[in-house]
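So the structure is just underneath, and the comments pick up after that.
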Ligand code: SF4
């Protein structure tokens with residue numbers, strides 16, 4: 001085995017209110033459902049431990065939804081169950097997502113005590129008009145207060161999610177947001193371009209021509225501002241949307257792009273192991289009816305998933321390429337050979353030559369990666385590498 005690391009993901013689908021752009025599996029709920037859900041996810045964690053018997057857990061990620069919207073005792077119980085049932089690597093990265101809209105000092109203290117060592121704030125913008133438009137419940141000052149609390153408690157590894165391409169947003173406004181955030185010296189920033197997804201309030205407005213999205217030129221300006229400011233403030237771009245100070249690359253996200261297997265727990269959670277992709281059921285009532293604890297030793301896992309995809313050799317090679325190329329370091333041809341026993345250069349010969357000649361893909365030693373311009377149009381390029 002190349003390595004024996006595994007990542008764990010827990011999905012907490014609850015949010016106080018749905019944001020106007022959000023198509024994630026998230027919703028508001030009542031206390032009873034939240035409590036039942038926590039019990040169910042704990043059953044699932046115990047049931048699936050047999051999957052991890054050859055592995056050490058390199059990272060644990062509690063995402064959502066808004067994990068910080070549920071009582072911290074539930075998060076504590078979930079993590080205790082993991083610690084008791086899985087083989088946790090030293091220095092395991094343990095992350096949780098939070099929204100900064102209310103005072104969460106006590107929750108942060110509980111997270112710190114139970115071993116969470118990385119927190120990720122959904123900030124999106126420091127401009128109040130943009131936050132209102134997005135339907136966020138917090139203000140920039142709420143975030144500053146939570147950030148101070150987190151630092152005071154002892155968290156060192158803190159991320160902020162930032163969004164651009166927000167309706168009515170100018171590149172200047174994005175610049176202000178990025179400066180506000182970068183002055184705080186966070187260790188990690190994720191910067192995403194807003195995509196208007198179907199079945200969201202934004203999509204309805206968009207269809208009615210009532211959503212004023214920034215034009216393409218403005219988005220290109222935003223891309224340039226992001227590159228300039230992240231450079232200026234010494235952030236390393238290691239993936240299309242992710243920037244970190246030295247030593248603070250997110251292990252969990254990096255694993256997704258580096259062919260590390262993972263197990264997801266909870267509603268709609270995805271898993272990847274043994275060359276298969278799995279997805280949990282997405283209906284909360286059906287999920288709550290699952291009987292994981294009836295089959296403590298059962299290895300007939302297939303019936304617990306909503307979707308199962310066995311990756312063909314071609315699928316696996318394409319995925320290795322698509323996911324790996326999201327990283328600025330790209331993919332390593334030797335690793336490709338070790339996994340598939342064929343030369344990467346032969347498999348993708350025609351598009352690879354084309355984009356190397358155009359300098360949109362570059363090669364250094366055994367690594368192939370996008371140039372800056374190639375990264376900007378990566379979706380178009382990748383479509384030519386489908387096997
Ligand atoms: S807080 Fe996050 S998950 Fe919840 S509705 Fe807003 S964007 Fe979606």
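Do we have any residue at all in the stretch 8-21 that's under 19 Å from residue 115 (Cα atoms) and away from the ligand (no atom under 16 Å from the Cβ)? Scanning the stretch 8-21, I find at least one residue that is under 19 Å from residue 115 (Cα atoms) and away from the ligand (no atom under 16 Å from the Cβ), so the answer is yes. Of all residues in the stretch 126-138, those satisfying the criterion of being over 19 Å from residue 64 (Cα atoms) and in contact (Cβ under 8 Å) with a residue 12 or more places away in the chain are 126, 127, 128, 129, 130, 133. Does residue 108 satisfy the criteria of being at pLDDT 95 or above, in contact with a helix residue (DSSP H, G or I) (Cβ under 6 Å, 6 or more places away or on another chain), under 24 Å from residue 249 (Cβ atoms) and away from the ligand (no atom under 16 Å from the Cβ)? Yes: the conditions hold for residue 108. In the set 353, 362, only one residue is free of Cβ contacts under 8 Å to residues at least 40 places away in the same chain and part of a strand (DSSP E or B); that residue is 362.
Of all the criteria given as (1) in contact with a helix residue (DSSP H, G or I) (Cβ under 6 Å, 6 or more places away or on another chain); (2) under 28 Å from residue 33 (Cα atoms); (3) part of a helix (DSSP H, G or I), the one not satisfied by residue 281 is (3). Taking the conditions (1) closer than 22 Å to residue 28 by Cα; (2) within 14 Å of the ligand (Cβ to nearest atom) in turn, residue 76 satisfies each one other than (2). Does at least one position in the stretch 238-246 carry a residue that is assigned by TED's automatic domain parsing to the domain that holds residue 95, under 18 Å from the mean Cα position of the chain (by Cα), within 19 Å of residue 169 (Cα to Cα) and part of a loop (DSSP other than H, G, I, E, B)? The answer is yes; a qualifying residue exists. Given the criterion at pLDDT 95 or above, surrounded by fewer than 20 Cβ atoms within 10 Å (Cβ to Cβ) and closer than 30 Å to residue 339 by Cα, identify the matching residue among 7, 56, 31, 35. Going through 7, 56, 31, 35 in turn, just one is at pLDDT 95 or above, surrounded by fewer than 20 Cβ atoms within 10 Å (Cβ to Cβ) and closer than 30 Å to residue 339 by Cα: 56. Could you please find all residues in the stretch 53-70 being in contact with a helix residue (DSSP H, G or I) (Cβ under 8 Å, 6 or more places away or on another chain) and either more than 16 Å from the ligand (Cβ to nearest atom) or assigned to a helix (DSSP H, G or I) (or both)? Passing the criteria: 57, 58, 59, 60, 67, 68.
The values are calculated or read from the model by the stated rules, or taken from the named source; none is laboratory data. Treat the numbers as computed from the prediction; the structure is a model and nothing was measured. In this analysis, Cβ positions are derived from the backbone assuming ideal geometry, glycine residues included, and neighbour counts consider all displayed protein chains.
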